[in-house]
Structures are given as C-alpha cells and as structure tokens.
Amino acid sequence: MSSLDTAARAPLRRDETVPVALLLAFAGGYIDAYTWIMHGVMANAQTANLVFLWVYAMIGNWNKALHFVPPILAFAAGTVIAAWLRLVTGNRAGAISTLIEILLLVLIGVLHNRLPDLAGTFGISLVAAMQAAIFTRVEGEVYNSMMITGSMRQAIEGIFTVAIGGRPPGALRRSGIFMAVCVAFGLGAAVGAFATKTIPHLTLGLPVFALLLVLLRCAVEHKETHR
C-alpha cells in the first residue's frame, strides 16, 4: 500500500497537503531565480554551487570559486537549525520555521542595499535549507520543494508504470502531484525572474506572501490540535 493511500485514510497534516507543497515549490523556484540573477549563485541547488566551486578552483580562478562558498555554508547552517527546531518544537517546527523564513526574507530585503552579498547569498540559502529540511513530505510522499529533480523522476516513473499496464493504487494521483510541484517551481522561477528585473526593491515580497499563506495553514493546524 502506498503512503499516499495511507495518508488518504489517516488525518493529513496541513504541512503535508498539496496546496502547501505548491506554495513552497513556488517560493523555492522564485528565490532560486532571484539569487541567480542578482548574485550568480543558486540558493537551493548546492550541487550546482559545488560544481562551479571546483570548476573555477581547478582553473585557478579563486575569486570566482570562493563566490560559491557562502551559499554552501549557509545551506549547512540552515539544515542544522532545522534539525534543532524539529528536535525541540516537534509538530510546531513547520510553523516556527516558516515564521523564521519570513522574517529572514524581510531582513534580507532591508539589508540588500547595504550588504548585498551577505544578505543575498548567505541569507537566502539559509532560508532555502530550513524549508527543504522541515517540509519533506506531501501526502506522505517524500519530496523537495527547493528543487525538482526528485519530483520529476517520480512523476515520470508513475506515468511509465501506468502506461505499461501497471496500475498501483494512487499512481496517477501521485504522478499528478509531483508534476504539479514541478510546474509550481517553474512558475515561481519565471515570476521571480520577471520581478527581479522589473521591481528589484520589492522582489522578495511575493515569496514572503506565499510563505505567509503556508504559515497560516500550519498555525491553524496547531490551534486545532490543541483545542
């Protein structure tokens, strides 16, 4: 029995619902586009940052190579913070993490004119790591809202399984969810690129709004469980 089927029978956590996953994926694509355009690094895809780091290091361009170090370190720090939050706050980790992410993005927007590299590379990668480490499932299935490689693979595998005649319970729905996550991420990247070019001083307002919606859903769940 798939975890999606199990989730359908058990009460579903609000932070694992499809709307939350799509909002998070939109925010993930958005801030990745923003940091790439503004700073030439990836907020989420540390694989790319690591590749660029070693490519430039091997050709002796140390200034370029070291440019990719801060987001990698920030991602590691954000992962540790998220693990600590899960340990000490339990089910409240999603809401608390989202609130911290919102405050960090607001602070980054304020500091960006004075400390662009520190705010834009270190700060946003910290946000990305926290989101990736806290929100790890949608309807019981493992996914990543900050990159789409895994979601794309699972969507394609599900469609292939159905196409060759296999019909495991929930296969089409599962593929649809992962494909929707990919689309939301791509839409976020497109909107982020457009906003970064046209309204650079207000660019981070849209991902903040998306995260506010996530926070409201997580906060409502916490309130309901404590009635």
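The values are calculated or read from the model by the stated rules, or taken from the named source; none is laboratory data. Please read all numbers here as calculations on a predicted model, not as lab measurements. All Cβ positions, even for glycine, are placed from backbone atoms using ideal geometry, and neighbour counts span all protein chains on display.
Out of the residues in the range 1-28 that are in a loop (DSSP other than H, G, I, E, B) and exposed (fewer than 15 other Cβ atoms within 10 Å of the Cβ), which is modelled with the lowest pLDDT? This residue is Met1. Return the total of residues in the range 79-93 being at pLDDT 90 or above and under 18 Å from Ala21 (Cα atoms). The total comes to 1.
Phe68 meets each of the listed conditions (1) under 27 Å from Ile134 (Cβ atoms); (2) free of Cβ contacts under 8 Å to residues at least 24 places away in the same chain apart from (2).
Out of Ile96, Ile108, one residue alone is surrounded by 14 or more Cβ atoms within 10 Å (Cβ to Cβ), in contact with a helix residue (DSSP H, G or I) (Cβ under 9 Å, 6 or more places away or on another chain), of a type outside the set (Phe, Trp, Tyr) and modelled with pLDDT of 90 or more. It is Ile96. The residues of the range 173-202 include none that are over 29 Å from Thr35 (Cα atoms) and outside any helix (DSSP H, G or I).
Residue count for the range 131-172 under the criterion of being of a type in the set (S, T, N, Q), crowded, with 18+ Cβ neighbours inside 10 Å and in a loop (DSSP other than H, G, I, E, B): the result is 2.
Take the residues of the range 43-64 that are surrounded by fewer than 24 Cβ atoms within 10 Å (Cβ to Cβ) and not in a helix (DSSP H, G or I): which is nearest to the chain's Cα centre (by Cα)? Looking at residues that are surrounded by fewer than 24 Cβ atoms within 10 Å (Cβ to Cβ) and not in a helix (DSSP H, G or I), I get Ala45.
If you check Gly90, Gly78 for being buried (at least 17 other Cβ atoms within 10 Å of the Cβ) and either among the hydrophobic types (A, V, I, L, M, F, W, C) or not in a strand (DSSP E or B) (or both), only one passes: Gly78.
Note on the range 170-200: residues that are without any contact (Cβ under 8 Å) to a residue 60 or more places away in the chain and not hydrophobic (A, V, I, L, M, F, W, C) amount to 3. Quick one: would you say Ser145 is over 18 Å from Trp36 (Cα atoms) and of a type in the set (Ser, Thr, Tyr)? The answer is no for Ser145. Among the conditions (1) in contact (Cβ under 8 Å) with a residue 60 or more places away in the chain; (2) touching a strand residue (DSSP E or B) at 6+ places or on another chain (Cβ under 9 Å), Gln131 misses just one, which is (2).
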